[in-house]
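Values quoted throughout were computed directly from the atomic coordinates according to the rules given, and no laboratory measurement underlies them. Bear in mind the structure is a predicted one, so any value in this text is a computation, not a measurement.
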Amino acid sequence: EASSFLDPLTNIYNRRKFFLECQLLGNASYPQAFCLIDIDNFKQLNDSYGHDVGDRALVAFGHLLQRAFRASDIFCRYGGEEFAVLLGNCSLDNARDIMEQLRARTHRLTLNLADGRQVRFTTSCGIAPVSAFAALQAAIKQADEALYFCKKNGKDRVSVHTQAGFI
């Protein structure tokens, strides 16, 4: 049943469907990049404006993801305020450019509240290379480390996990 593969709030793939789709890619002969995106200060957003505004932020970001990627890319709501993307046939440099563009587009998202206030939010993203589905778990760990590096260094940024460290 298709609805069991969609996140009920954002109407994009859920984590389960994401991994099923990634499995179908198997051992791709082209470069792939795994990206882990987090809405910055999401707890503060919920605490300051209420969970309905937090939900609106998640939905707005989900819609942005639907417009931002190619049909061949796989993305999902990974959990809470985290989203995952697998960019196929994409170098790390290109992945970084794509995620920087997404970050810039997120800056332009505005949630209009009933009282006239406007709410904006930012995102951080960690990126890691993926060579095959079997290597996806290692890439997830590396992307999570790159995301942590972003958070530790001021948020609202993109970081790539490389052999030499984070860039």
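Summary of values
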quantity	calculated
Shape category assigned to the stretch 112-162 from the gyration tensor of Cα positions, a/c cut at 1.5	prolate
Reciprocal mean inverse distance between Cα atoms of the stretch 1-139 - Kirkwood radius, Å	15.6
Under the Karplus curve 6.51 cos²θ - 1.76 cosθ + 1.60, θ = phi - 60°, whole-Hz ³J(HN,Hα) for the stretch 154-159, x wherever Gly or Pro sits	x, 6, 6, 7, 10, 9
Bridge type composition, the chain - antiparallel percent by DSSP, nearest 5	85
Inter-part distance where the stretch 15-44 and the stretch 91-121 are each reduced to a Cα centre, Å	19
Length-normalised contact order of the stretch 14-102 in % [C-alpha pairs under 8 Å, at least 6 apart]	44
Of Leu113, Leu147, Leu87, the one that fluctuates the most in a GNM where the chain has Cα springs shorter than 10 Å	Leu113
Cross-link reach list, lysines versus Lys151, counting only Cα pairs under 27 Å and skipping chain neighbours closer than eight places	Lys43, Lys141
Most fluctuating residue given options Gly88, Gly126, Gly80, as computed from a GNM of the chain linking Cα atoms under 10 Å	Gly80
Length-normalised contact order for the stretch 2-166 - Cα pairs under 8 Å, 6+ apart - percent	28
Percent breakdown of C-alpha pair distances by 5 Å bin, ordered from the shortest bin, for the stretch 81-121	5, 19, 19, 20, 14, 10, 7, 5, 2, 0
Those aspartates and glutamates that a straight Cα-Cα span of less than 12 Å connects to Lys155, excepting residues fewer than 8 apart in one chain	Asp38, Asp40
Proximal aspartates and glutamates relative to Lys17, as straight alpha-carbon distance under 18 Å, when same-chain residues fewer than 8 apart are discounted	Glu1, Asp7, Asp73, Glu81, Glu82
